[in-house]
Amino acid sequence: MASKMAIDVRIDGCDTVSRLFWQRVTGQGDKLAMREKDFGIWNEYDWQSFGQFARLAGMGLKSLGLQRGEVCSIASEVNKEWLFADLGVICAGGVTNGVYPTDSPTQVEYLINDSRTRFYFAEDEEQLDKVLEVRDRTPSLEKIIILDMEGLRHLDDAMCVSFDELLELGKAHDELHTQMWCDEIDQASPEDLMVLTYTSGTTGPPKGAMITQKNMLFMMQTLQRCYGIRPSDEQLAFLPLAHVAGRMFYTFAMIESCSVINLVESLETITSDQQEVAPTIHFAVPRVWEKQYSTIAIKLKEATAFGRLAYNLALSIGTRAAGYRKQNIKIPFPLNLLNLIADQLVFKNLRRLLGIDQCRWLSTAAAPIAPDLIDWYWCIGKPMYEVYGQTECTGLATANYSHDLRIGSVGKAVDDVEVTLSENDEILIKSPGIIKGYWNNPDKTAETIRQGWLYTGDVGRVDEDGFVYIVDRIKDIIITAGGKNITPSEIENQLKFSPYISDAVVVGDKRPYLTCLVMIDHENVEKFAQDNDVPFTNYTSLCHTQAVRDLVWQEIERVNLKFAKVETIKKFHLIDQLLDPEDDELTPTMKLKRKVVNEKYIDLIDDMYGS
């Protein structure tokens, strides 16, 4: 049997992303490619404009000396310049490395040196300051390109140029070397390194996953096969483009499908932007879906008794109707009629509030999610599909489908992907999406990819129908002092389903019982305190009020009822510092790092065990 890795991957006759992108630019012309909201106005860019900006950016880099295979890093929130620079780098033969805008100067220094970045795109003054602080310790760095020059008009630094200046350099270079751009695209090979994506580094320094042209082309093909993205589809882009999911949906799926991307004005305007755009497909990480559910849960607490009664009645009807839809069975007429009434009177308003009313499908991945939360979206009339994959397989490996799904599972292996379990039930993946390895790290590469199989680090199980279930990360499974194996993510998912709990880390390895460190949802708990006249001055004092502790304990007790006695939380502590991704405890995607939390809060943990 031929290796799965040997599959020839092509989309519309193109075997590289570079060629496919330029085919789209020349073929789609004035079709809308993206919108970006600026000062409340949605500015539109067609494929021809997209291609022209990418070409000038890429040629500008060539004029500065960019060679094939060299790394360019981009530190920015989601914006059009990110996309222009990205495709400019890729088509010019370079490698794009995304830097989270929340990364600290120390992290920026590490990423530049590890990737040997030569050209660095900084979004604004804040991102520029970080790289200027460390540039004396980054010998590979030659040029910093600034995307937004607000507040920097008088900057006089030989290492720095504005993005507009880069485009001018590109224009002049393109006029002198008219064939160079197309030559670079023609030179691209499916095995060329195209993207570096650094892991979040929860178990040591971040590792640069090397994604090739073929890897990403396969993922673009896979996503289309699974869910179908149409040229008429609209997406809202808000996830960081340094994350493989953001790149896959907002850049490469757009290129594959010729759909439209809407770039949010800022992270603070996501909700209003989503209501305006009314996307037709929507992918988000679990934290986003949890936050949306929390919004509705809090509003229900403020609703009238009649409003709550109507919601609960509608939810009961929606739950029964969703049971039929999940199995692709026609809903009986009486129930369907009731569901239509519930939809018009209740659910439609909820969906409009969340900005998902026009969505054909919702999708989630990148972290564990409570099955109850997926069920809720089905109940209010929107199918949600959980998928599974990793950066190391360029995104997707298993998926639930409209015609074949099981809530609680991450679906079945997608076409041309093999999924199996090792002797200790670790999930192994083989596919054309498996990365080349880790940049400059052969030891970790050899440890993670063996004989073509990706060792995911996840413990799983596969049922008799082929549905894959993620049990937990191998390193996260708790073995109590009594010898009981506990999978903490299942308990944590239920806790995060509460509108008052943002994240939680269950503790108990080699301990007599389970305890928990909790991060509250600042906005919702603050509102609870205000509504109930609970005095506080700041986040720390809020966490130390007895009313808030009682509130969190009630939520923990509600979750405890769902588990066996040995799996229940006996004590908890609140993390009383307001964290953001610049803190060591959080990943850039706002997940608590278990190892860091366990080490940093060891005194709190010991206190819960009386030692």
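The values are calculated or read from the model by the stated rules, or taken from the named source; none is laboratory data. Note that the coordinates shown come from a computational prediction; the quantities given were computed from them, not determined experimentally. Note that we place each Cβ from the backbone using ideal geometry, even for glycine, and neighbour counts take in every protein chain shown. Please note that ligands, DNA and RNA were not included when accessible areas were found on the heavy atoms of the full protein model with its side chains. Shrake-Rupley method; radii C 1.70, N 1.55, O 1.52, S 1.80 Å.
Quick look at the values:
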| quantity | calculated |
| --- | --- |
| Answer residue from the stretch 172-214, given it is within 18 Å of the chain's Cα centre (by Cα) and polar (S, T, N, Q) and is modelled with the highest pLDDT among those | THR197 |
| For ASP606: the one exception among (1) free of Cβ contacts under 8 Å to residues at least 60 places away in the same chain; (2) at negative phi; (3) part of a loop (DSSP other than H, G, I, E, B) | (3) |
| Sole exception among (1) open to solvent by less than 30 Å² (accessible area, probe 1.4 Å); (2) of a type outside the set (Lys, Arg); (3) within 14 Å of ASP576 (Cα to Cα); (4) part of a loop (DSSP other than H, G, I, E, B) for THR537, by number | (1) |
| Cβ pairs under 7 Å, 6+ apart, first in the stretch 157-180 and farther than 12 Å from MET59 by Cα, second part of a helix (DSSP H, G or I) and open to solvent by 30 Å² or more (accessible area, probe 1.4 Å) | MET159/ARG135; PHE163/GLU81 |
| Filtered residues of the stretch 460-516 (kept if of a type in the set (Phe, Trp, Tyr) and either over 16 Å from LEU373 (Cα atoms) or in contact with a Gly (Cβ under 8 Å, 6 or more places away or on another chain) (or both)) | PHE467, TYR469, TYR513 |
| Selected residue [in contact with a Phe, Trp or Tyr (Cβ under 8 Å, 6 or more places away or on another chain) and surrounded by 18 or more Cβ atoms within 10 Å (Cβ to Cβ)] from ARG55, ARG118 | ARG55 |
| Those residues of the stretch 509-525 which are acidic (Asp, Glu) and either open to solvent by less than 10 Å² (accessible area, probe 1.4 Å) or at pLDDT 95 or above (or both), in sequence order | ASP521 |
| Residue identified as modelled with pLDDT of 95 or more, more than 21 Å from VAL285 (Cβ to Cβ) and not charged (D, E, K, R) among GLY355, GLY381 | GLY381 |
| Subset tally (residues that are assigned to a loop (DSSP other than H, G, I, E, B) and not aliphatic (A, V, I, L, M)) for the stretch 339-394 | 12 |
| ALA413 vs. criteria modelled with pLDDT under 95 and touching a Ser or Thr at 6+ places or on another chain (Cβ under 7 Å) | no |
| Among (1) closer than 14 Å to GLY381 by Cα; (2) open to solvent by 20 Å² or more (accessible area, probe 1.4 Å); (3) in contact with an Asp or Glu (Cβ under 9 Å, 6 or more places away or on another chain); (4) free of Cβ contacts under 8 Å to residues at least 40 places away in the same chain - the single one ARG351 does not satisfy | (2) |
| Where a residue in the stretch 132-146 is under 17 Å from LEU66 (Cβ atoms) and its partner, wherever it lies, is part of a helix (DSSP H, G or I) and small (Gly, Ala, Ser), with Cβ under 8 Å and at least six apart | ILE145/ALA85 |
| Qualifying positions in the stretch 230-257 - open to solvent by 10 Å² or more (accessible area, probe 1.4 Å) and over 30 Å from VAL108 (Cβ atoms) | ARG230, PRO231, SER232, GLU234, GLU256 |
| Pair list, Cβ < 6 Å and 6+ apart or interchain, from the stretch 276-305 residues that are of a type in the set (D, E, K, R) to residues that are surrounded by fewer than 22 Cβ atoms within 10 Å (Cβ to Cβ) | ARG287/MET590 |
| Failed item in (1) in a loop (DSSP other than H, G, I, E, B); (2) modelled with pLDDT of 95 or more, with VAL506 passing the rest | (1) |
| Residues located in the stretch 579-611, provided they are closer than 21 Å to PRO105 by Cβ and open to solvent by 40 Å² or more (accessible area, probe 1.4 Å) | ASP580, GLU582, ASP583, ASP584, MET590, LYS600 |
| Residues of the stretch 494-503 satisfying the condition of being open to solvent by 10 Å² or more (accessible area, probe 1.4 Å) and part of a helix (DSSP H, G or I) | GLN494, LYS496 |
| Verdict on GLU125 being closer than 29 Å to VAL264 by Cα and either surrounded by fewer than 24 Cβ atoms within 10 Å (Cβ to Cβ) or of a type outside the set (D, E, K, R) (or both) | yes |
| Single condition ARG118 does not satisfy, out of (1) of a type in the set (Lys, Arg); (2) within 29 Å of GLY51 (Cα to Cα); (3) out of contact with any Asp or Glu (no Cβ under 8 Å at 6 or more places or on another chain) | (3) |
| Matching residues in the stretch 454-471 - criterion: being in contact (Cβ under 8 Å) with a residue 24 or more places away in the chain and out of contact with any Leu (no Cβ under 8 Å at 6 or more places or on another chain) | GLY457, ASP458, VAL459, ASP463, ASP465, GLY466, PHE467, VAL468, TYR469, ILE470, VAL471 |
| Selection count where residues are modelled with pLDDT of 95 or more and out of contact with any Leu (no Cβ under 9 Å at 6 or more places or on another chain), scope the stretch 559-570 | 2 |
| Meets criteria (surrounded by fewer than 24 Cβ atoms within 10 Å (Cβ to Cβ), closer than 30 Å to TRP361 by Cα and touching an Asp or Glu at 6+ places or on another chain (Cβ under 9 Å)) for GLU265 | yes |
| Any hit, the stretch 156-172, residues being hydroxyl-bearing (Ser, Thr, Tyr) and under 30 Å from PHE238 (Cβ atoms) | yes |
| The lone exception for GLY395 - which of (1) closer than 26 Å to VAL71 by Cβ; (2) modelled with pLDDT of 95 or more; (3) under 23 Å from the mean Cα position of the chain (by Cα); (4) open to solvent by 10 Å² or more (accessible area, probe 1.4 Å) it fails | (2) |
| Boolean, ASP476 is under 28 Å from THR448 (Cα atoms) and of a type in the set (D, E, K, R) | yes |
| Residue satisfying condition, being over 18 Å from LEU193 (Cα atoms) and either surrounded by 21 or more Cβ atoms within 10 Å (Cβ to Cβ) or at pLDDT below 95 (or both), within set VAL134, VAL95, VAL108 | VAL108 |
| Residue check for ASP550: charged (D, E, K, R) and either assigned to a helix (DSSP H, G or I) or touching a Leu at 6+ places or on another chain (Cβ under 7 Å) (or both) | yes |
| Positions within the stretch 469-493 being under 24 Å from THR391 (Cβ atoms), of a type in the set (D, E, K, R) and open to solvent by 60 Å² or more (accessible area, probe 1.4 Å), in sequence order | ARG473, LYS475, GLU490 |
| Matching residues in the stretch 356-374 - criterion: being open to solvent by less than 10 Å² (accessible area, probe 1.4 Å) and of a type outside the set (A, V, I, L, M) | CYS359, SER363, THR364 |
| Any hit, the stretch 581-599, residues being hydroxyl-bearing (Ser, Thr, Tyr) and modelled with pLDDT of 95 or more | no |
